[in-house]
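Contents: one structure, followed by commentary.
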Amino acid sequence: MTETAEYNSCLSIVPIFAGLAEADLRKIDAIVTHEKFAKGETLFGPGEVANKLLILHQGQVKLTSYGSEGQEKIVSLLQAGDFDGTASLFEPEEHTLYGVAVTNGEACVVKRDVFQEVIQESPQLALHLLNAFGNKLVKQQKESVRNSTTDARGRVASYLLEYSNQVNDKRFVLPFKKYELANLLDLTPETLSRQLKNLEKDELIKNLPHNTIEIVDEDELSFLI
């Protein structure tokens, strides 16, 4: 990633900073740097030192791992407002996943050393951020439970509702190619396509051109989860 000195608006779109006092927002803004990345760029990989919080401002980044035979497993997709590297702000650690840019984009970065100085001056800020990081962990646990306990139809329904809520629109373009979404949901591409067709047949969604989905019956879709 290339670093620039231009002002960024990451703080305004990131939920973890919502509700902070203006003085604390200024403290965070003062230590944020701005970085750009290109589609296909690997931002970090397993074994590399993790010493900063990455807050996605624009674009998409997938967190992924690879099996012994090179098969990819997508763990998560970061989009505008999402963040990664929270634990590294408090304790030195290493990355366990690859972070790969799905699109061109921009990120705001908070480095561990300067962050440590700020929270020592503001215990209230530290508590606020810890609560926000805890909420993210709960979300990750829910995703794990979804993929381990829900059938294929329920996984697809759950993802579509979650993403629709995230973008605040019942019609949206899937952020993944179909095979990548299948990977994320721990399904085969064939199973994903079949489930999407069945949901459309049951008049719960519409499969539109250009990888677009429209939720038709949100309530019925929720019953599948």
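Quick notes on this one:
- Sites listed here are GluC sites (Glu not before Pro) in the stretch 163-206 whose DSSP assignment is loop and whose Cβ has at most 15 other Cβ atoms within 10 Å: E203.
- Amide H within-cut-off set for S76, under 5 Å, with H built and near neighbours excluded: L63
- Alpha-carbon gyration tensor eigenvalues x 5, square-rooted, for the stretch 18-105, Å: 26, 16, 11
- Whole-angstrom gap from the stretch 92-132 to the stretch 168-225, using each part's C-alpha centre: 33
- Per residue, the convex hull spanned by the alpha carbons of the chain comes to 136 Å³.
- Ascending count of other beta-carbon atoms within 10 Å, so fewest first, for F176, F90: F90, F176
- Virtual paramagnetic centre 7 Å along Cα→Cβ of E93, amide N under 14 Å, in the stretch 39-78: 46-54
- Rounded if a/c under 1.5, otherwise prolate or oblate - the stretch 50-94, Cα gyration tensor axes: oblate
- Listed cross-link partners K177/K201; K27/K62; K27/K178; K36/K73 are compared with a 31 Å cut-off, the Cα-Cα value being larger for K27/K178.
- Inter-label distance, R171 to E117: 5.1 nm, where each label sits 7 Å from its Cα along the C-beta direction.
- Model label zone, E162; criterion: amide N under 12 Å from point 7 Å along Cα-to-beta-carbon; scope the stretch 186-225: 186
- By the count of neighbouring beta-carbon atoms within 10 Å, fewest first, R153, R26 end up ordered R26, R153.
- F83, F223 arranged by Cβ crowding within 10 Å, fewest neighbours leading: F223, F83
- In the chain, helical runs assigned H by DSSP with n ≥ 4 each contribute -39500 (n - 2.57); averaged across all residues and rounded to the nearest 500, the mean residue ellipticity at 222 nm is -12500 deg cm²/dmol.
- Estimated inter-spin distance, I225 and D29, nm [label 7 Å along Cα→Cβ]: 3.5
Throughout, read-outs are computed from the coordinates displayed, never taken from laboratory work. All values derive from a computational prediction rather than experimental measurement. Positions of Cβ are generated from backbone atoms using ideal geometry, with glycine treated the same way; all protein chains shown enter the neighbour counts.
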